[in-house]
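The block underneath contains the structure these notes are about, expressed in structure tokens.
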Amino acid sequence: MTVDALTDVPGLRVGHATRTGDGWLTGTTVVLAPEGGAVTAVDVRGGGPGTKETDALDPRNVVQRVEAVVLTGGSAYGLDAASGVMAWLEERGRGVRVGPDPGHVVPVVPAACVFDLGRGGDFRARPDAATGLAAVAAAAASAPGAVVPEGCVGAGTGAAVGLLKGGIGTASTVVESGFTVAALVVANAAGSASDPETGVLYGELMSGRWVTAPAEEVCRAARRRLAEAAERNTLPPLNTTLAVVATDAELSKAQAQKLAGTAHDGIARAVRPVHLLNDGDTVFAMATGERPLDAAQPLALNELLAAGADMVTRAIVRAVRAAEPVDGPGGFWPSYRELYEG
């Protein structure tokens, strides 16, 4: 049975740690690979990224597999969450072996952050190593193939997409050649996810399905609320969309890097404008290698590339639809459902 989430890729688990209240509106999400790791690559397109250990994912470099990927709030401060994940992995002997003892490992934990500082009211309320430890422990405790909570959880807790509340979204599919492709996204973009005149989500317009726009009076009321949000939110639009695209196919690091790169097309279909100087848009690709990609399937890699972008678009739509409104000391972000679906 599938759950239309990143966890449909066998072996992958997702855990969230969420902090709200008393000035907090942030969190961390960890994607935990099967023991032994997954081939992982990255592609960064935004002009203001905040990342850790992404150089290790270059196909020219020595590290082939990683045990976990961290997505976190807190801007560059929040990258400290990866330290908690490293500690958890080290305790279990999971990482790059660097000595004769099985415990001589260095867990390489790539991480990327979104900007959500001050959105709960306290600029200093941000994830740390303890938050990362809580998120990876939640991932490890989850059942295989578990449903992944969406919306304002984990790294999506303080996310915003333009003037709307953002969050976490996920989606999966099985392509014609039989491989599973899935994505998990933290939707936190400086651009908008919906057309301001019609209220239609850009990602749904790109789905190829018939989309019905909200009534004109609903759109007029929504525009008034969005104007109120623009007036009340004085923080600069420093954002970032993060994604993890995964497959059960056996890919090289170079192929995984191509998957990460084409998946950015999925962000561009769902957010306008995209990849701005105030965004740090980063996509990780993870391949568990459970099923070989061989010469008998010459078009399978193209299927994976196309599906990765499609799943990112769907995940962003789901993130925006799942988000709950926030009206607090750090600002006001209405939700899509509140504005357009009552």
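The values are calculated or read from the model by the stated rules, or taken from the named source; none is laboratory data. None of these values were measured; they are calculated from a predicted model. In this analysis, Cβ positions are derived from the backbone assuming ideal geometry, glycine residues included, and neighbour counts consider all displayed protein chains. Quick note on the areas: whole protein, heavy atoms, side chains included, nothing else; ligands and nucleic acids left out. Shrake-Rupley method; radii C 1.70, N 1.55, O 1.52, S 1.80 Å.
Taking VAL69 as the residue in question, decide whether it is part of a strand (DSSP E or B), β-branched (Val, Ile, Thr), within 19 Å of LEU251 (Cβ to Cβ) and open to solvent by 10 Å² or more (accessible area, probe 1.4 Å).
Values: part of a strand (DSSP E or B): yes; β-branched (Val, Ile, Thr): yes; within 19 Å of LEU251 (Cβ to Cβ): yes; open to solvent by 10 Å² or more (accessible area, probe 1.4 Å): no.
For VAL69, the condition - part of a strand (DSSP E or B), β-branched (Val, Ile, Thr), within 19 Å of LEU251 (Cβ to Cβ) and open to solvent by 10 Å² or more (accessible area, probe 1.4 Å) - is not met.
Report every pair of residues separated by at least 6 positions or lying on different chains whose Cβ atoms are under 7 Å apart, first residue within segment 41-62 and farther than 10 Å from GLN257 by Cβ, second open to solvent by 70 Å² or more (accessible area, probe 1.4 Å) and of a type in the set (A, V, I, L, M).
Between residues of segment 41-62 that are farther than 10 Å from GLN257 by Cβ and residues that are open to solvent by 70 Å² or more (accessible area, probe 1.4 Å) and of a type in the set (A, V, I, L, M), the close pairs are GLY47/LEU277; GLY48/LEU277.
Just checking, how many residues over segment 15-40 are in contact with a Pro (Cβ under 9 Å, 6 or more places away or on another chain), of a type outside the set (S, T, N, Q), open to solvent by less than 20 Å² (accessible area, probe 1.4 Å) and within 23 Å of ARG318 (Cβ to Cβ)?
Final tally of qualifying residues: 2.
Looking for something at pLDDT 90 or above, open to solvent by less than 70 Å² (accessible area, probe 1.4 Å) and assigned to a loop (DSSP other than H, G, I, E, B) - is there at least one such residue anywhere in segment 283-291?
Of the residues in segment 283-291, the ones at pLDDT 90 or above are 283-291.
Those still in the list that are open to solvent by less than 70 Å² (accessible area, probe 1.4 Å) too: 283-289.
Add one more test, that the residue is assigned to a loop (DSSP other than H, G, I, E, B), and what stays is none.
No, segment 283-291 contains no residue that is at pLDDT 90 or above, open to solvent by less than 70 Å² (accessible area, probe 1.4 Å) and assigned to a loop (DSSP other than H, G, I, E, B).
Please tell me if THR288 is closer than 23 Å to VAL14 by Cβ, out of contact with any helix residue (DSSP H, G or I) (no Cβ under 6 Å at 6 or more places or on another chain) and either hydroxyl-bearing (Ser, Thr, Tyr) or without any contact (Cβ under 8 Å) to a residue 12 or more places away in the chain (or both).
Values: closer than 23 Å to VAL14 by Cβ: yes; out of contact with any helix residue (DSSP H, G or I) (no Cβ under 6 Å at 6 or more places or on another chain): yes; either hydroxyl-bearing (Ser, Thr, Tyr) or without any contact (Cβ under 8 Å) to a residue 12 or more places away in the chain (or both): yes.
Here the answer is yes, as THR288 does meet what is asked.
Scan segment 172-193 residue by residue and report those that are open to solvent by less than 10 Å² (accessible area, probe 1.4 Å) and not in a loop (DSSP other than H, G, I, E, B).
Initial filter on segment 172-193 (open to solvent by less than 10 Å² (accessible area, probe 1.4 Å)): 179, 181-189, 191, 193.
The answer is VAL181, ALA182, ALA183, LEU184, VAL185, VAL186, ALA187.
Do we find a residue being free of Cβ contacts under 8 Å to residues at least 60 places away in the same chain and either touching a His at 6+ places or on another chain (Cβ under 9 Å) or of a type in the set (Asp, Glu) (or both) anywhere in segment 14-30?
Looking through segment 14-30, none of the residues is free of Cβ contacts under 8 Å to residues at least 60 places away in the same chain and either touching a His at 6+ places or on another chain (Cβ under 9 Å) or of a type in the set (Asp, Glu) (or both).
Which residue, of THR247, THR240, is closer than 22 Å to GLY11 by Cα, in contact (Cβ under 8 Å) with a residue 40 or more places away in the chain, polar (S, T, N, Q) and outside any helix (DSSP H, G or I)?
On the way: THR240 fails: closer than 22 Å to GLY11 by Cα.
Going through THR247, THR240 in turn, just one is closer than 22 Å to GLY11 by Cα, in contact (Cβ under 8 Å) with a residue 40 or more places away in the chain, polar (S, T, N, Q) and outside any helix (DSSP H, G or I): THR247.
For segment 315-338, enumerate the residues that are farther than 15 Å from ALA171 by Cβ, in a helix (DSSP H, G or I) and open to solvent by 20 Å² or more (accessible area, probe 1.4 Å).
Filtering segment 315-338 down to residues farther than 15 Å from ALA171 by Cβ leaves 323-338.
Checking which are in a helix (DSSP H, G or I) leaves us with 336-338.
Matches in segment 315-338: ARG337, GLU338.
State all residues of segment 201-215 that are open to solvent by less than 90 Å² (accessible area, probe 1.4 Å) and either among the charged types (D, E, K, R) or modelled with pLDDT of 95 or more (or both); if no residue qualifies, say none.
LEU201, TYR202, GLY203, GLU204
Quick one: would you say LEU259 is open to solvent by less than 70 Å² (accessible area, probe 1.4 Å), touching a residue at least 24 places away in the same chain (Cβ under 8 Å) and either of a type in the set (A, V, I, L, M, F, W, C) or in contact with a helix residue (DSSP H, G or I) (Cβ under 9 Å, 6 or more places away or on another chain) (or both)? Reasoning before the result, please.
Values: open to solvent by less than 70 Å² (accessible area, probe 1.4 Å): yes; touching a residue at least 24 places away in the same chain (Cβ under 8 Å): yes; either of a type in the set (A, V, I, L, M, F, W, C) or in contact with a helix residue (DSSP H, G or I) (Cβ under 9 Å, 6 or more places away or on another chain) (or both): yes.
Criteria met by LEU259.
Keeping to segment 36-66, report how many residues are closer than 18 Å to ALA254 by Cα and hydroxyl-bearing (Ser, Thr, Tyr). Please lay out each step first, then the result.
To start, the set of residues in segment 36-66 that are closer than 18 Å to ALA254 by Cα comprises 37-45, 53-66.
Of the ones still in play, those that are also hydroxyl-bearing (Ser, Thr, Tyr) are 40, 54.
The total comes to 2.
Which one of GLY158, GLY118 is assigned to a loop (DSSP other than H, G, I, E, B), open to solvent by less than 30 Å² (accessible area, probe 1.4 Å), out of contact with any strand residue (DSSP E or B) (no Cβ under 6 Å at 6 or more places or on another chain) and not aliphatic (A, V, I, L, M)? Show your work before the answer.
Working: GLY158 fails: out of contact with any strand residue (DSSP E or B) (no Cβ under 6 Å at 6 or more places or on another chain).
Of GLY158, GLY118, the one residue that is assigned to a loop (DSSP other than H, G, I, E, B), open to solvent by less than 30 Å² (accessible area, probe 1.4 Å), out of contact with any strand residue (DSSP E or B) (no Cβ under 6 Å at 6 or more places or on another chain) and not aliphatic (A, V, I, L, M) is GLY118.
Does VAL312 count as open to solvent by 10 Å² or more (accessible area, probe 1.4 Å), assigned to a helix (DSSP H, G or I), within 26 Å of THR212 (Cβ to Cβ) and touching a residue at least 60 places away in the same chain (Cβ under 8 Å)?
Values: open to solvent by 10 Å² or more (accessible area, probe 1.4 Å): no; assigned to a helix (DSSP H, G or I): yes; within 26 Å of THR212 (Cβ to Cβ): yes; touching a residue at least 60 places away in the same chain (Cβ under 8 Å): yes.
The answer is no for VAL312.
What tally of residues in segment 194-218 results from selecting those that are out of contact with any helix residue (DSSP H, G or I) (no Cβ under 8 Å at 6 or more places or on another chain), closer than 20 Å to VAL271 by Cβ and outside any loop (DSSP other than H, G, I, E, B)? Break it down into steps so the answer makes sense when it comes.
Quick first cut of segment 194-218, residues out of contact with any helix residue (DSSP H, G or I) (no Cβ under 8 Å at 6 or more places or on another chain) only: 200, 205, 208-210, 212, 215-217.
Imposing the further condition that a residue be closer than 20 Å to VAL271 by Cβ reduces the set to 200, 205, 208-209.
Those left that are additionally outside any loop (DSSP other than H, G, I, E, B): 205.
Selection size over segment 194-218: 1.
Residue under question is ALA221, and the condition is that it be out of contact with any Cys (no Cβ under 7 Å at 6 or more places or on another chain), surrounded by fewer than 16 Cβ atoms within 10 Å (Cβ to Cβ), in contact (Cβ under 8 Å) with a residue 12 or more places away in the chain and not basic (Lys, Arg); does it hold?
Working: out of contact with any Cys (no Cβ under 7 Å at 6 or more places or on another chain): yes; surrounded by fewer than 16 Cβ atoms within 10 Å (Cβ to Cβ): yes; in contact (Cβ under 8 Å) with a residue 12 or more places away in the chain: yes; not basic (Lys, Arg): yes.
It is true that ALA221 is out of contact with any Cys (no Cβ under 7 Å at 6 or more places or on another chain), surrounded by fewer than 16 Cβ atoms within 10 Å (Cβ to Cβ), in contact (Cβ under 8 Å) with a residue 12 or more places away in the chain and not basic (Lys, Arg).
Checking the conditions here, which among THR157, THR170 is touching a helix residue (DSSP H, G or I) at 6+ places or on another chain (Cβ under 8 Å) and among the hydroxyl-bearing types (Ser, Thr, Tyr)?
On the way: THR157 fails: touching a helix residue (DSSP H, G or I) at 6+ places or on another chain (Cβ under 8 Å).
Testing whether each residue is touching a helix residue (DSSP H, G or I) at 6+ places or on another chain (Cβ under 8 Å) and among the hydroxyl-bearing types (Ser, Thr, Tyr) leaves just THR170.
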